[in-house]
Amino acid sequence: RTSEDYLTFLAESLLGAPVLLIATYRPGYRPPWSDRSFSTQLSLRHLAADDSLSIVRALLPAADSEDPLAQLILDKAEGNPFFLEELARAVSHQELGTDLPVPDTVHGVLTARIDRLDEDAKRILQTASVLGREFAAALLAAIWDGPAPIEPHLRQLARLEFLFERTSGEEVVYAFKHALTQDVAEATLLPSRRRELHRRAGEALERLHPDRLAE
């Protein structure tokens, strides 16, 4: 909070001064000075595969595009520089081919973002996490046991860049913007709650798709 107050004071005191102030922030945060006429926002795209590999190689010099562990890091990090660095650090002494744990640093950042959501949005995100990286809105609605409708919260989660919406035929489908967000959201569920949601998802799939039971 102190940093935010200071940067707000600094940004608003620069009007007319020959100074360029550059600040970075994560999705879901809105700087108090962002609506000023002298403020410009730039969205940073994910890094390309070659640039991602160069970050990994800075920490794992022997890594190359054919390295299974490096490929695992690239797949999990999906071009996010922070995730690339932390995953590479976490596995620097790990044998090839093993699963990647979510580093405590990444887990902490993502958990803090999830905890800032209101209670219903948080529970919907956790519930969706048991359905996989992508899930149908109808399936989520079928297993949701909360009092609030899911649609407004799904739109909120998309606006905050936890999820994004895409169409699949006539079905509305959402996907976690990042695989690690899904991993962390699911990890915040108690094991008993996770088992219950998996059971309900199985029953809902049978109920929603009676013609595809064998599949």
Along the Cα-to-C-beta direction of Glu119, a point sits 7 Å from the Cα; which residues of the range 145-169 have their amide N less than 19 Å from that point? 145-154, 157
Once you keep just the Cα pairs under 8 angstrom separated by 6 or more residues, what percentage relative contact order results for the range 1-151? 13 percent
Comparing Pro68, Pro32, Pro103, which has the greatest mean-square fluctuation in the GNM of the chain with Cα pairs linked when under 10 Å apart? Pro32
Pair-distance profile P(r), taking every C-alpha pair of the range 88-215, with 10 angstrom steps and integer %: 12, 40, 32, 14, 2
D (Stokes-Einstein, µm²/s), Kirkwood Cα radius, the range 107-161, 0.890 mPa s at 25 °C: 212 µm²/s
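Per residue, how big is the convex hull of the range 1-106 when only Cα atoms are used? Give it in Å³.
Numbers: hull volume 14.1 nm³, N = 106.
So the per-residue hull volume is 133 Å³.
Quick check: residue separation of Glu161 and Phe82 times 0.36 nm, minus the Cα distance between them. What number comes out in nm? Write down the numbers at each step before the final one.
Values: separation 79, 0.36 × 79 = 28.44 nm, distance 1.65 nm.
Full extension from Glu161 to Phe82 adds 26.8 nm.
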Place the peptides 168-174, 135-141 in order of packing, highest mean first, counting for every residue the other Cβ atoms within 10 Å and averaging per peptide. 135-141, 168-174
Determine, from the Cβ-Cβ distance of Thr2 and Glu66 and an R0 of 45 Å, the FRET efficiency 1/(1 + (r/R0)^6), rounded to the nearest 0.05. 0.45
Kirkwood hydrodynamic radius, computed over distinct alpha-carbon pairs, for the chain: how many Å, to one decimal? 19.9 Å
On the first, second and third principal axes, largest extent first, how far apart are the outermost C-alpha atoms of the range 12-65 in Å? 49, 26, 15
Based on alpha-carbon centroids, what's the gap between the range 149-215 and the range 1-61 in Å, whole number please? 32 Å
With springs only between Cα atoms under 10 Å, which of Gln126, Gln41, Gln71 fluctuates most in a Gaussian network model of the chain? Gln41
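Computed from the coordinates by the stated procedures, all read-outs in this text should not be read as laboratory data. As the structure is a prediction and not an experimental result, all values here were calculated from the model. FYI the Cβ positions are ideal-geometry reconstructions off the backbone, even for glycines, and counts take in every protein chain you see.
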